[in-house]
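Engineer: Mind having a look at this structure? Questions to follow.
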Amino acid sequence: MQIPYSQVTPQRDYLELSRRRFIFRSMAAAAGALVLPQLLTGSGVKLNGVVKSSYRVDDKMTPYDVVTGYNNFYEFGTSKDQPAKLAQKLQTSPWTVSIEGEVVKPRTLDLDQVMKLAPLEERVYRHRCVEGWSIVVPWIGFSLSTILKQVEPTSKAKYVAFQSSYDKKTMLGSFQAGIEFPYVEGLRLDEAMHPLALLCVGLYGESLPNQNGAPLRLVVPWKYGFKSIKSVVKIRFMEKQPPTTWNLSAPSEYGFYSNVNPEVDHPRWSQAKERRLGEFLKRPTLKFNGYGDQVATLYNGMDLRRYN
Amino acid sequence: MATRILTSRWTKVAVFLACLQPVVALGWRAWRQDLGANPLELITHATGDWTLRFLLLTLAVTPLRELAGVPQLIRFRRMLGLFAFFYGSLHLLTYVWFDKFFDVHEMLSDIAKRPFITVGFGGLLLMLPLAVTSTAGWIRRLGGRRWQLLHRLIYFSGLAGVIHYYWLVKSDIRLPAAYGALLLSLLGYRLFVFAAKKRAAVQAIARPDRQARVSA
């Protein structure tokens, strides 16, 4: 076959091209080498050996994109779409959580040690935000009680306090977010020991995406979402009721208990109905988010209007 | 040149189309099903934001005319005000339709019980007579002075809008505070001009000889 000389790439250009290609490829390889270890230990990595738990509601699951693209994570922005972008700055590895306070054996565990405490379960829970929207998520983790039992709480321990990671350099300041950081939450000891309370490390088969509270969070499905604290670094057993972030910010609007309750309105809006993301019509909100059979006895004899 | 652009009929058409842009963009995104995880919230927020923005734009016309020396801007004021009412109506419609599904009982109890809804609803209600009397015929019927007095209700609509927004956010008040600061400066300007005129009038009464000499 004859190729006209005009179509032959001059050697000079050819060398130039291959040099460029070489530079680009080596750059890509270098970037890959930097990113890959993070991918292996970081968020969005498939979790193996997950067993399906019987804790699962029949509601249709909310799509992955919605669960990971519509988040309240005020450390990374106060609008719903910001955390998905800004939380990429969250350093999730190495990660440790210290368990301390009214305990016999305080401990600090790294993430690997936490993951090995119990088999990982997939639980499909309803998740109801105090703002009036809800989602259904296949979380991965195990009962919070598993980790709490590691440290042997003393008889003085009546409450458990939780604290989120906070890094001024990569997160919003308290002034911008309008709430105090680090974010703190708390549960009564019997609430924390309830099998439904989940120590969560993943969702949809993979480790937690940063914006969902990587690498370790709480999921307390019968309470409003803000009780399910994200990116936990400290767990502290206490004798007295611990302070909680939203209660500190607006005591008249957010109580310590914050159980989902359609009969007790938020002072500024009704809690009777909710918008399940992806649905057009609003649906009625269920008391204790539909988990009343399991948790209502925790609150026997309590005026839920007062202890809201 | 600038004057010719400001007084051209085509400029008015261009401004009109620009004012429609937010609702066209929303419609386009809705058509493409690109309104995010919570479309109804997005529509509610977008229409609310634009109501407040158009209210502030309307209120900015007078200070801009006087400070920047472009009196021709008056041609756009009615249109901007009507767009504020238009977006406010869309905002109300989203609430009535997508949030309450035309449940009158629920809406009434909301308006009675929830201060932020009461204030927002009140602010929009105040805009209704302004929209109705925005025509030249109504200015004639009411007389310029009374018409102007009535249309000062927009100050209260603006205040209601900012308070509505401020009461609705959970904790991050930066945006409502920014709208509030803008509104207060626009209203403050008017107060300042009013006080200056009053002072001038008082001085004129106190020293009539000077006035007489000037007018002589």
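Read the figures in this text as sums done on the coordinates, not as results from a lab. Everything quoted here is computed from the prediction, not taken from an experiment. Heads up, the Cβs are rebuilt from the backbone with ideal geometry, glycines too, and the neighbour counts pull from every protein chain shown.
Engineer: Please give the charge dipole size of chain B, origin at the Cα centre, charges +1 on K and R Cβ atoms and -1 on D and E Cβ atoms. Round to the nearest 20 debye. Provide the component values of the computation, followed by the final result.
Structural biologist: Numbers: 27 positive and 10 negative charges, 298 e Å.
Using only the charged Cβ atoms, the result is roughly 1420 debye.
Engineer: Of the options A:244, A:291, A:192, report the single residue whose Cα projects farthest towards the positive end of the charge dipole of the protein assembly as shown (beta-carbon charges: Lys, Arg +1; Asp, Glu -1).
Structural biologist: Result: A:244, furthest along the dipole toward the positive end.
Engineer: Here is a follow-up. Quick one: of the DSSP bridges fully inside chain A, what percent are antiparallel, nearest 5?
Structural biologist: Values: 39 of 48 bridges.
If we restrict to bridges inside chain A, about 80 percent are antiparallel.
Engineer: Mind checking Rg over Rh on the stretch B:2-215, alpha carbons, Kirkwood formula for Rh?
Structural biologist: Values: Rg = 20.4 Å, Rh = 19.5 Å.
Rg divided by Rh gives 1.05.
Engineer: Right, here's the next one. If you average the alpha carbon positions of the stretch A:57-130 and of the stretch B:58-97, how far apart do those two centres end up, in angstrom?
Structural biologist: For the stretch A:57-130 versus the stretch B:58-97, the Cα centre distance is 45 Å.
Engineer: Put a dot 7 Å past each Cα toward the Cβ at residue A:296 and residue A:89; how far apart are the dots in nm?
Structural biologist: 4.7 nm
Engineer: Follow-up question, since we're still on this one. To two decimal places, what compactness ratio does the stretch A:5-299 give when its Cα radius of gyration is scaled by 2.2 N^0.38 Å?
Structural biologist: Details: Rg = 22.4 Å, N = 295, 2.2 N^0.38 = 19.1 Å.
Compared with the compact-globule rule of thumb, the stretch A:5-299 sits at 1.18.
Engineer: Evaluated at 10 °C with a viscosity of 1.306 mPa s, what Stokes-Einstein diffusion coefficient in µm²/s does the stretch B:1-46 have when Rh comes from the Kirkwood expression over alpha-carbon pairs? Kindly include the intermediate steps, with their values, before the conclusion.
Structural biologist: Values: Rh = 12.5 Å.
Rounded, D is 127 µm²/s.
Engineer: Based on a Kirkwood Rh over C-alpha pairs, give the Stokes-Einstein translational diffusion coefficient of the protein assembly as shown at 20 °C and viscosity 1.002 mPa s in µm²/s.
Structural biologist: Working: Rh = 27.4 Å.
Value of D from the Cα-based Kirkwood radius: 78 µm²/s.
Engineer: For residue A:145 and residue A:175, compute 0.36 nm times the residue count separating them, minus their Cα-Cα distance, and round to one decimal in nm. Could you put the intermediate results ahead of the total?
Structural biologist: Details: separation 30, 0.36 × 30 = 10.80 nm, distance 3.47 nm.
That pair, residue A:145 and residue A:175, stretches by 7.3 nm at full extension.
Engineer: Loop sites only, by DSSP: take the trypsin sites (Lys or Arg not before Pro) in chain B that have at most 11 other C-beta atoms within 10 Å and name the longest stretch containing none of them.
Structural biologist: Counting at most 11 other Cβ atoms within 10 Å as exposed, the longest clean stretch of chain B is B:33-151.
Engineer: Considering the stretch B:53-103, what Rg and Dmax in Å follow from its alpha-carbon atoms?
Structural biologist: 15.2, 50
Engineer: Modelled label-to-label distance, residue A:56 and residue B:169, 7 Å Cα→beta-carbon offset: nm?
Structural biologist: With each label point 7 Å from Cα toward Cβ, the separation is 4.2 nm.
Engineer: If I fit a long axis through the Cα atoms of helix A:11-41 and take the longest principal axis of the Cα atoms of chain A, what angle between them do I get, 0 to 90°, rounded to 10?
Structural biologist: Between the helix axis and the principal axis of chain A, the angle is about 20 degrees.
Engineer: Percent relative contact order of the stretch A:5-299, based on C-alpha pairs within less than 8 angstrom and at least six residues apart?
Structural biologist: Numbers: 576 pairs, mean separation 58.9, N = 295.
Averaging sequence separation for qualifying contacts and normalising by length gives 20 percent for the stretch A:5-299.
Engineer: Please express the shape of the stretch B:127-216 as an equivalent ellipsoid: the semi-axes are the square roots of 5 times the eigenvalues of the C-alpha gyration tensor, given largest first in whole angstrom. Walk me through the numbers before you get to the answer.
Structural biologist: Numbers: eigenvalues 260, 102, 11 Å².
Listed largest to smallest, the semi-axes of the stretch B:127-216 are 36, 23, 7 Å.
Engineer: So what is the calculated 222 nm ellipticity per residue for chain A, using -39500 (n - 2.57) for each DSSP H run with n of 4 or more, over all residues, to the nearest 500 deg cm²/dmol? Intermediate results must be reported in sequence, preceding the final value.
Structural biologist: Numbers: 9 runs with 68 residues, N = 308.
That calculation yields -6000 deg cm²/dmol at 222 nm.
Engineer: Also, quick follow-up: Can you give me the angle between helix B:77-94 and the longest principal axis of chain B, using Cα atoms only, in degrees from 0 to 90, rounded to the nearest 10?
Structural biologist: 20 degrees
Engineer: Would you calculate the separation in nanometres between label points at residue A:241 and residue A:166, each defined as 7 Å from the Cα along the Cα-to-beta-carbon direction?
Structural biologist: 2.2 nm
Engineer: Something else now. List the pairs from A:52/A:230; A:60/B:100; B:12/B:100; A:149/A:240; A:85/A:282 whose alpha-carbon separation is above 27 Å, in the order I gave them.
Structural biologist: Details: A:52/A:230 23 Å; A:60/B:100 23 Å; B:12/B:100 37 Å; A:149/A:240 19 Å; A:85/A:282 29 Å.
Beyond 27 Å between Cα atoms: B:12/B:100; A:85/A:282.
Engineer: Further, regarding this structure: With no solvent and one point per C-alpha, what does the Debye sum give as log10 I(q)/I(0) for the stretch A:78-170 at q = 0.10, 0.14, 0.26 Å⁻¹?
Structural biologist: -0.40, -0.78, -1.28
Engineer: Which one of B:201, A:166, B:93 is farthest out on the positive end of the charge dipole of the protein assembly as shown, using unit charges on Cβ (Lys, Arg +1; Asp, Glu -1) and the Cα centre as origin?
Structural biologist: Among B:201, A:166, B:93, the one farthest towards the positive end of the dipole of the protein assembly as shown is B:201.
Engineer: Taking amide H positions as placed in the peptide plane 1.01 Å from N, state which residues far from residue A:130 in sequence (5 or more) or on other chains have amide H under 5 Å from it.
Structural biologist: Residues meeting the criterion, in which the H sits 1.01 Å from N, are A:225, A:226.
Engineer: Roughly how tilted is helix B:115-132, in degrees to the nearest 10 and between 0 and 90, from the longest Cα axis of chain B?
Structural biologist: So the inclination is approximately 60 degrees.
Engineer: Work out, step by step, the length gained on full extension between residue A:252 and residue A:110: first 0.36 nm times the residue separation, then minus their alpha carbon distance; give nm to one decimal.
Structural biologist: On the way: separation 142, 0.36 × 142 = 51.12 nm, distance 3.74 nm.
Working it through step by step, the gained length comes to 47.4 nm.
Engineer: Something else: Taking the beta-carbon count within 10 Å as an exposure proxy, list A:122, A:180, A:185 from fewest neighbours to most.
Structural biologist: Lowest count first: A:180, A:122, A:185.
Engineer: Convex hull over the Cα atoms of the stretch A:153-214, averaged projected area in nm²?
Structural biologist: Values: hull surface 24.4 nm².
Answer in nm², one decimal: 6.1.
Engineer: In deg cm²/dmol and to the nearest 500, what is the mean residue ellipticity at 222 nm of chain B if only DSSP H runs of at least 4 residues count, each as -39500 (n - 2.57), divided by the residue total? List each step's numbers first, then the result.
Structural biologist: Details: 11 runs with 177 residues, N = 216.
So the helix-based figure for chain B works out to -27000 deg cm²/dmol.
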